[in-house]
Amino acid sequence: MSGTPLLSLAIWVPILAGLLVLATGSDRNAPLARMLSLLGAVAGLLVTIPLYTGFDMHTPAMQFVELKSWIPSFNVNYHLGVDGISMLFVILNSFITVTVVLAGWQVIDSKVAQYNAGFLIMSGLLNGIFSALDGLLFYVFFEASLIPLYLIIGIWGGPNRVYAAFKFFLFTLLGSLLFLLALIYMYLKSGGSFSILDWHQMPLGMAPQTWLFLAFLVAFAVKVPMWPVHTWLPDAHVEAPTGGSIVLAAIALKLGAYGFLRFSLPIAPDASHQLAGLVIALSLIAIIYIGFVALAQEDMKKLVAYSSIAHMGFVTLGFFIFSAMGIEGALVQMISHGFVSGAMFFSIGVMYDRAHSRQIADYGGVVNKMPKFAAFFMLFAMANAGLPATSGFVGEFMVILAAVGYNFWIAFAAATTMVVGAAYTLWMYKRVVFGAVANHHVAELADINAREFFIFVLFALGALGMGLYPQPFTEVMHSSVNELLRHVALSKIQ
Amino acid sequence: MLAMACLILLLDLFVKDKKRTLTFVATQLTLVATAVLTFAMTSADVGYTFSNMYVGDLLSDLLKLLLYLTVLVVLFYSRGYILEREQMARGEYYVLVLFATLGMMVMISANHFLTVYLGLELLSLSLYAMVAMNRDSVPATEAAMKYFVLGALASGLLLYGMSMIYGATGTLEIRAVAERLDTGQVDRTILVFGVVFLVSGIAFKLGVVPFHMWIPDVYHGAPTAVTLFIATAPKLAAFAIVIRMLVSGLIVVSSDWQSMLILLAVLSMAIGNVAAIAQTNLKRMLAYSAISHMGFMLLGLVTGVVGGDAPFVSISAYSASMFYVVTYVLTSAGTFGMILLLARNGVESDDLDDLKGLNKRSPWFAALMMMMMFSMAGVPFFVGFFAKFSVLQSVVAAGQLWLAIVAVLFSLIGCFYYLRVVKIMYFDQPIDATPIEAPMDMKVLISANGLAVALLGIFPQALMSLCAVALLRSL
C-alpha cells in the first residue's frame, strides 16, 4: 500500500483528460481529440492496474483508503477505498472505457471532442461510485454519472433518442431520490455519520430496516434493472450509440447490483433475509419471462438488452440466496457480463455501421462476407448463451449450484434459462450470420478492420480468460465475500 | 453604518447625469463603496441604531454583502440590454436599482415592523416603476399594473397584520414583541389574526402559492434586465424579513405560522413545478420554477422551528434555507444573464425555442446554461444539489419524513423541464446559425458565474459555514 492515492487517480485522471479533450473544441481538431482521449483512457486503465497487483487478498478490510474531510457541516468525507468486491469493477470500468474510445474512433464524426469527453468523465464518475465509502459521496457520483449518459444518448443516439434519454434519466432519478432520503435518515440515525462502514455496524430495528431496504430496492432495482422497472433499458440501449450501449450494459447496470452488496445486505441484513423471497421472485421473473421476451425480439440491440436483464436476474438471485458460492457466482457473472454484453453490443455496432440496420430480418449470410467477424461474434454469442469454457458459463453455473443448495425448484427454474438463453442468442446468430446472402446490403459488407479486430481480441481475452481460468478473479473476492456473509448472518436488531 | 450607506446612495442620486456610461460606473462605484463600508464595519456584536429601529449583526452584514454582489453582477449583465433599447436607455434604471437596493438593505437590517414595511415599500415602488419602464410594451405595462395592484393589496395585508400585532403586544419593535410574547400575557386571538395577515403579506412578496399570481406575468412581461433583478436580489431581502419577523419576533406562536407555511410550501412546489412543464416561454418557465424554489426554501424555515428546543438543529435548518436562497440567487442570476446575453441586437430571446441547438452555436455557453439547469434541478456536482440536500436533511431531522417525500417527488417532476432545456440546447438543431457575440466583460462574468455554480458544488463547505455562523451569531 504505497502512498500514491491510486483511487483518486482512477477517478480524476479520466475526468481531467475529459476536460482536456473538451478544450480541443471543434471538429477540426477531431484527430487530436481522439488521440488525447485514447491516451486519457489508457492512462486511466494503467493507474488502476496497481490496484490489482498491490491488492492484499487475505483481508476483507478496505484497501487503498483515502480519507479527507469534505463538508464538515454534515460530516461528509472524501472517503475512498476498495475491497475484493469493488476493486474488479474499477478495473473493468477503466478497461471498458478504452474499448469505447476505440469503438467510436471512425464512427463518430460529429462533436468528437464532446463525445469522448463524455465517456472519459463518466468513467471517472463510475470509478468514484465503486470506490466511495461515504454515503453522500457515493450518491453524488451516482447521480452525476447520469448527466454524461443522458447527453450521450440524446446527442448521438437514434431517431427516438430524446424519449429514451428522458426515460433513462427520470427513471433512475426517481429511484435515487428515495435513496437520498434513506441516506439522510441513516445519517441522522447514526448520530451524524455518512460513513458506509459505520452504517454497516449500526443497530437498527426491523421496521426501519424494512423501509430502508425498500428504498434501496427501488433505487437499485431501477438501475439493475429488475422486472418490472426494466422498461427504460431496452429504449436506452436501442437509441444509444454503440459506445453508450457498451458502457450502459457493461458498467452502469452493475451499479445497482453493487448497491445491493454495499448497502442493502450489510445495512439491513434482517430485512434482507425477510424480503429475500420478494427479490428472488423478481429475479426469477426477470430470468424466465424476460428470456422469452428476448426470444421474440426483431431488433438485435433489443434482444441483447433483454438478455442483459435476464442475466442481471441471475446476479440478484445469486445475492439473495446468501451463500459464498452464490455471491461469488453473481460477481463473476457481473464481470463476465461486462465483457460479453460489451462485445455483443460492439458486434451489433460493427454491423450497424456498415448496413445501418439493427433488424435481424435485414441480415443473413453475413459469414460469407465477414468471416473474421462471424468467428468473433460466434464466440460472444456462445458466451452470452452461457456455454462452458466461456465466462458466461462460470457465473451462471455457480449461481445455479448455490441455488440448488437453497431450494431445488428455484435452481430448476433458473436453469431453464440456460436453454432459453441459448435459444434466443443462437437463433439470432443463425438468422444473421448463416444462410445465403440475404440482400445487396449484406453483399456489400466488408470484413472488420484492424481496429475492430483489436477491440474484439480485447473482449475475447476477457471472456475466454475468465471462462477457462476464473481463479484470478474469484480469489480476490473470497475474503470480502465471506466477511460480507458473516456480517449479513448477524442480526442487527437489539 | 446604515446611515452612512444611505447617505452615499442618496448623494449619488444627485451625481447622475445624462451620460449613461458615467451613470453605470457611478452606480457600480457606489455599490463597491457601500460594500467596503459594510465590510469594514462588520463585527460579531449585535448593534442597534435609530432608537432600535435598525439592527446590525452578522446576518445583515453577510446578506448585504451578497446583495451588493448580486446587484453588481445584475448591472453588468443588464448594461448591454439597456443600452440597446432606446426607450429604456435612461439613467432611471440605475437610479431605481439603487433605490431598490436601499430598500432591501433596510429590510435586511430591520428591527421594527415599520422599518420592514418602509424598506419593503421602497423596494416595491422601485420595482413597479422598473417593470413599467418599457413604456411601449403592452405586456410590460400589464405586468406592472398587475404587480402594482396586487402588491398594494399585499402591503395592506402586511400593515393590517402589523397593526394587529401592535394591538396584541403594544409594541412594534421586533425583539420587544418577542419579549412580550414570552410573558404570555397577550391576547391570543388578535395575535393569531395578525400573524395570518402577516404571513399572507410575506407570502405575496416571496411569491408562493396561492399568492403567486403576479410572478409569471411580471417575469414574463418585464424587460429581461428587470426580471433578472426581480428574480435575484429581492429573494435575499425577503428571506431576511421572514427570519426577522417570524423567527426573531414571533417564534412563540410558531405553531400557528408553521402550519400555514407548510401548506404554502407544499402548494408552491406542486403548482410551480407542474405549471412550469407547460410553459414555452423561458422566462415564464423560470417564474414557475422560482415559485417552486421558494416553496422548497420555506420547508427549511418551517422545520427549523420544530427543533426549537434544540437550538443547534433549528440553526442548521435556517442556514439550510439561507444557503438555498443564496445558491438560488446565484443560479438564477446566471440563467437570466444567459437570456440577456442571447438577446442581443434588440431582439428578445426568451422563448425556449430560441435556445435550440445552442450547443452548435456556442458549446461554452451551452455548457454554462446546462450547469445552471442541472443545478436548479438539484443534480450533483452542482451547488443546487447541496442546497436541496441540506434542506431535505433538516426536514428529515425534524421528523417530517412525509414532507421530505413530497418535496422529493415534486423535484423529480421539476427535473423534467430543466432537462427539457438541456434537450433543446443539445439535441435539437439550431434555427439560426449566427454565432453568439457578447462583450468581453459579460463573457467573463457569466463564465465566472457558471464556474461558481460548479465549484461551490464541489466545495460547498465555506458558504455553508458562513450561513451557519451568521445565523448563529444573530439569532
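The values are calculated or read from the model by the stated rules, or taken from the named source; none is laboratory data. No experiment lies behind these values; they were computed from the predicted model shown. Neighbour counts are summed over all protein chains in view; Cβ atoms, including those assigned to glycine, are modelled from backbone coordinates with ideal geometry. Ligands, DNA and RNA are stripped out before the accessible areas are found, and what is left, the full protein with its side chains, is counted by its heavy atoms. Shrake-Rupley method; radii C 1.70, N 1.55, O 1.52, S 1.80 Å.
Looking at A:L204, A:L183, A:L178, can you tell me which residue is open to solvent by 10 Å² or more (accessible area, probe 1.4 Å) and either part of a helix (DSSP H, G or I) or away from chain B (no Cβ under 13 Å) (or both)?
After applying the criteria, what remains is A:L178.
Return the only residue of B:G167, B:G207 being surrounded by 19 or more Cβ atoms within 10 Å (Cβ to Cβ) and either within 18 Å of the chain's Cα centre (by Cα) or touching a residue at least 12 places away in the same chain (Cβ under 8 Å) (or both).
Testing whether each residue is surrounded by 19 or more Cβ atoms within 10 Å (Cβ to Cβ) and either within 18 Å of the chain's Cα centre (by Cα) or touching a residue at least 12 places away in the same chain (Cβ under 8 Å) (or both) leaves just B:G207.
What are the residues in segment A:302-346 that are aromatic (F, W, Y), farther than 23 Å from A:F216 by Cβ and open to solvent by 10 Å² or more (accessible area, probe 1.4 Å), if any?
A:Y306, A:F339
State which residue pairs qualify: first residue over 21 Å from A:Y163 (Cα atoms) and inside segment B:396-425, second residue outside any helix (DSSP H, G or I) in any location, beta carbons under 6 Å apart, and separation of 6 or more residues or different chains.
These pairs meet every condition: B:A398/B:G307.
Being within 14 Å of chain B (Cβ to nearest Cβ) and modelled with pLDDT of 85 or more is the requirement here; does A:A132 meet it?
yes
Would you be able to say whether some residue in segment A:434-441 is open to solvent by less than 30 Å² (accessible area, probe 1.4 Å) and either within 23 Å of the chain's Cα centre (by Cα) or in contact (Cβ under 8 Å) with a residue 60 or more places away in the chain (or both)?
no
Among the listed residues A:M35, A:M87, A:M57, which satisfies the condition of being open to solvent by 10 Å² or more (accessible area, probe 1.4 Å), among the hydrophobic types (A, V, I, L, M, F, W, C), touching a residue at least 24 places away in the same chain (Cβ under 8 Å) and more than 14 Å from every other protein chain (Cβ to nearest Cβ)?
Answer to the check: A:M57.
Yes/no matrix, rows are residues, columns are (1) more than 23 Å from the chain's Cα centre (by Cα); (2) under 30 Å from A:S73 (Cβ atoms):
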{"residue": "B:L330", "(1), (2)": "no, yes"}
{"residue": "B:L340", "(1), (2)": "no, no"}
{"residue": "B:G357", "(1), (2)": "yes, no"}
{"residue": "B:A367", "(1), (2)": "yes, yes"}
{"residue": "B:P380", "(1), (2)": "no, yes"}
{"residue": "B:V383", "(1), (2)": "no, yes"}
{"residue": "B:G399", "(1), (2)": "yes, yes"}
{"residue": "B:I413", "(1), (2)": "no, yes"}
{"residue": "B:Y418", "(1), (2)": "no, yes"}
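What residue, of B:V195, B:V252, is in contact with a Phe, Trp or Tyr (Cβ under 9 Å, 6 or more places away or on another chain), touching a residue at least 12 places away in the same chain (Cβ under 8 Å) and in a helix (DSSP H, G or I)?
B:V195
Could you list, ordered by first residue, the pairs with Cβ atoms under 6 Å in which the first is in segment A:116-141 and free of Cβ contacts under 8 Å to residues at least 12 places away in the same chain and surrounded by 24 or more Cβ atoms within 10 Å (Cβ to Cβ) and the second is among the acidic types (D, E) and outside any helix (DSSP H, G or I), at least 6 apart or interchain?
Filtered contacts from segment A:116-141: no entries.
At pLDDT 80 or above, open to solvent by 30 Å² or more (accessible area, probe 1.4 Å) and part of a helix (DSSP H, G or I): which single residue out of B:I339, B:I413, B:I424 fits that description?
None of the others qualify; the one that does is B:I413.
Considering every residue within segment B:429-440, establish whether at least one is over 21 Å from B:S332 (Cα atoms), open to solvent by 10 Å² or more (accessible area, probe 1.4 Å) and either among the hydroxyl-bearing types (S, T, Y) or facing another protein chain (nearest Cβ under 9 Å) (or both).
yes
Tally the residues that are open to solvent by less than 10 Å² (accessible area, probe 1.4 Å) and among the aromatic types (F, W, Y), restricting the search to segment A:101-115.
1
Within segment A:383-494, considering only helices (runs of 4 or more DSSP H) that don't extend past its boundaries, which have at least 3 residues that are among the charged types (D, E, K, R)?
By residue number, A:471-489.
Would segment B:355-372 turn up any residue that is facing chain A (nearest Cβ under 9 Å), under 14 Å from B:V422 (Cβ atoms), open to solvent by less than 10 Å² (accessible area, probe 1.4 Å) and not in a helix (DSSP H, G or I)?
For segment B:355-372, residues facing chain A (nearest Cβ under 9 Å), under 14 Å from B:V422 (Cβ atoms), open to solvent by less than 10 Å² (accessible area, probe 1.4 Å) and not in a helix (DSSP H, G or I): absent.
Could you figure out which of (1) open to solvent by less than 30 Å² (accessible area, probe 1.4 Å); (2) farther than 20 Å from A:L120 by Cα isn't true of A:G18?
(2)
Which of the residues belonging to segment A:90-120 are within 14 Å of another protein chain (Cβ to nearest Cβ) and within 15 Å of A:F345 (Cβ to Cβ)?
none
Looking for whichever is touching a residue at least 24 places away in the same chain (Cβ under 8 Å), among the polar types (S, T, N, Q) and at negative phi here; the options are B:Q429, B:Q461. Which one fits?
Checking each option against the conditions leaves just B:Q429.
Sort out which residues of segment A:60-71 are within 14 Å of another protein chain (Cβ to nearest Cβ) and either surrounded by 13 or more Cβ atoms within 10 Å (Cβ to Cβ) or not in a strand (DSSP E or B) (or both), and write them in order of number.
Residues satisfying the conditions are A:W70, A:I71.
Would you confirm, using the coordinates I've provided, whether A:F74 is closer than 16 Å to A:E475 by Cβ, over 19 Å from the mean Cα position of the chain (by Cα) and surrounded by fewer than 24 Cβ atoms within 10 Å (Cβ to Cβ)?
So A:F74 fails the test.
Taking the condition over 20 Å from the mean Cα position of the chain (by Cα) and closer than 25 Å to A:W70 by Cα, does B:V395 pass?
Criteria met by B:V395.
Counting just the residues of segment A:144-167 that are over 12 Å from A:H237 (Cα atoms) and more than 11 Å from chain B (Cβ to nearest Cβ), which one comes out least open to solvent (accessible area, probe 1.4 Å)?
A:P148
Filter segment A:186-201 down to the residues that are more than 13 Å from B:A397 (Cα to Cα) and outside any helix (DSSP H, G or I) and list them by number.
Of everything in segment A:186-201, those that are more than 13 Å from B:A397 (Cα to Cα) and outside any helix (DSSP H, G or I) turn out to be A:S193, A:F194, A:S195.
Mind checking which residues of segment B:378-407 are within 9 Å of chain A (Cβ to nearest Cβ), open to solvent by less than 10 Å² (accessible area, probe 1.4 Å) and assigned to a helix (DSSP H, G or I)?
B:F385, B:F386, B:F389, B:S390, B:L392, B:V395, B:A404
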